[in-house]
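Asker: The structure that follows is given in the form of structure tokens.
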Amino acid sequence: MSYQEIIKVATQRQGLYEFTREVETWVSEQEVTTGVCHLFAQHTSCSLTIQENADPSAKADLENWLNRLVPENDPLYTHTMEGPDDMPAHIKAILTNVSLSIPIVNGRLALGTWQGIYLWEHRHHAQQRRIILHVSD
């Protein structure tokens with residue numbers, strides 16, 4: 001059997017937005033004991049990641065590091081019509097992931113103790129992001 005749902009994650013600015021609980025709740029409603037949950041972001045300027053959810057400084061360090069790695073206003077960029085954050089957002093999405101797969105064990109996501117599921121918003125302005133969740137057993 002397989003199940004599918006689209007969830008929306010609202011963002012306010014660049015940064016990491018945890019939505020682990022929403023995915024866990026939906027997976028538990030599917031009554032799948034063993035399988036895989038696949039997540040896919042339908043966008044080219046955000047990404048998905050599994051990252052530490054205990055210490056907020058880890059999140060801040062990751063955001064700062066990626067912004068330093070992929071700066072805005074690089075003179076090499078020609079795709080600039082949507083603002084100075086657009087091309088860097090596309091590059092950041094390539095360097096990270098737009099999809100994730102997480103095993104389901106005993107009806108639960110097999111995440112580690114400090115692991116959370118995040119949408120990584122790479123644009124400056126508020127967005128409504130669509131994530132497709134797909135579970136198969």
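Rule-based calculations on the coordinates, nothing more; no lab input. The shown structure was predicted, so the numbers you read here are calculated from the model rather than taken from an experiment. Here the Cβ positions follow ideal geometry from the backbone for every residue, glycine too, while neighbour counts run over all protein chains shown.
Asker: How far, in degrees from 0 to 90, does helix 86-95 lean away from the longest principal axis of the Cα atoms of the chain, to the nearest 10?
Answerer: Taking Cα atoms only, the helix is inclined about 50 degrees.
Asker: Provide, in order from the shortest bin, the percent of all Cα-Cα pairs of the stretch 61-121 in each 5 Å bin, continuing until the bin that contains the maximum pair distance.
Answerer: 3, 14, 21, 19, 14, 9, 8, 7, 4, 1, 0
Asker: If you don't mind, another one. Would you mind ranking Ile104, Ile7, Ile131 by Cβ crowding within 10 Å, fewest neighbours first?
Answerer: Least crowded to most crowded, the residues run Ile7, Ile104, Ile131.
Asker: Please report the Cα spread of the stretch 2-136 along all three principal axes, rounded to whole Å, starting with the longest.
Answerer: For the stretch 2-136, the Cα spread along each principal axis is 51, 29, 22 Å.
Asker: List the GluC sites (Glu not before Pro) in the stretch 1-44 that DSSP assigns to loop (not H, G, I, E or B) and whose Cβ has at most 16 other Cβ atoms within 10 Å. Which are they?
Answerer: For GluC sites (Glu not before Pro) across the stretch 1-44 that sit outside H, G, I, E and B with at most 16 neighbouring Cβ atoms in 10 Å, the list reads Glu31.
Asker: Here's a follow-up. Only four residue types carry charge here, +1 at the Cβ of Lys and Arg and -1 at the Cβ of Asp and Glu. Report the dipole size of the chain about the Cα centre in Debye, rounded to the nearest 20.
Answerer: Rounded to the nearest 20 debye, it is 100 debye.
Asker: Taking other Cβ within 10 Å of each residue's Cβ, how do Thr20, Thr11, Thr78 sort, fewest first?
Answerer: Placing the least packed residue first, the sequence is Thr78, Thr20, Thr11.
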